[in-house]
Amino acid sequence: MSEPTLVEIRAAFEGLAPATVATSSADGVPNVVFVSQLHYLDEERVGISNQFLSKTKKNLTENPYAMALVLHPETARSYRLWLRLERSETEGGW
């Protein structure tokens, strides 16, 4: 069985259940936060809005890898997403 695509699990990003995002600092200290939703950007990318996530942002600057856990509202299946920071935007929309 192949891994589902972001398109197939897109409903999990709609915010019905908060997503859990885990990061770690350069020296390995973990940080876990809940975010109201991830944003589907395209078939390979999701976005996370900065909702007072100063520690998460600092960790991603030091170590660009993160893990997010999302819950599909129709099936109640959870999905683990392995993420890598591509860039950070300070203005505009997607």
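The numbers here are math on the coordinates, done by the rules we state, and not lab data. Computed from a predicted model, the values in this text were never measured in an experiment. In this analysis, Cβ positions are derived from the backbone assuming ideal geometry, glycine residues included, and neighbour counts consider all displayed protein chains.
Details
- The chain: relative contact order as a whole-number percent, Cα under 8 Å and 6+ apart: 28
- Taking only the Cα atoms of the chain, the ratio Rg/Rh comes out at 0.96, with Rh defined as the Kirkwood radius.
- Within the chain, longest stretch free of exposed trypsin sites (Lys or Arg not before Pro) [DSSP loop, at most 14 other beta carbons within 10 Å]: 1-76
- Across segment 16-33, rounded Karplus estimates of 3J(HN,Hα) from the backbone phi angles (6.51 cos²θ - 1.76 cosθ + 1.60, θ = phi - 60°) give 5, 10, x, 8, 9, 10, 10, 10, 9, 6, 4, 9, x, 7, x, 9, 10, 9 Hz, Gly and Pro being marked x.
- Top of Gly47, Gly28, Gly15 by mean-square fluctuation, Gaussian network on the chain, Cα under 10 Å: Gly28
- Its Cα centre serving as origin, segment 13-94 has a Cβ charge dipole (Lys and Arg +1, Asp and Glu -1) of approximately 300 debye.
- Each helix, a run of at least 4 DSSP H residues, gives -39500 (n - 2.57); summed and divided by the residues of the chain, these come to -2500 deg cm²/dmol at 222 nm.
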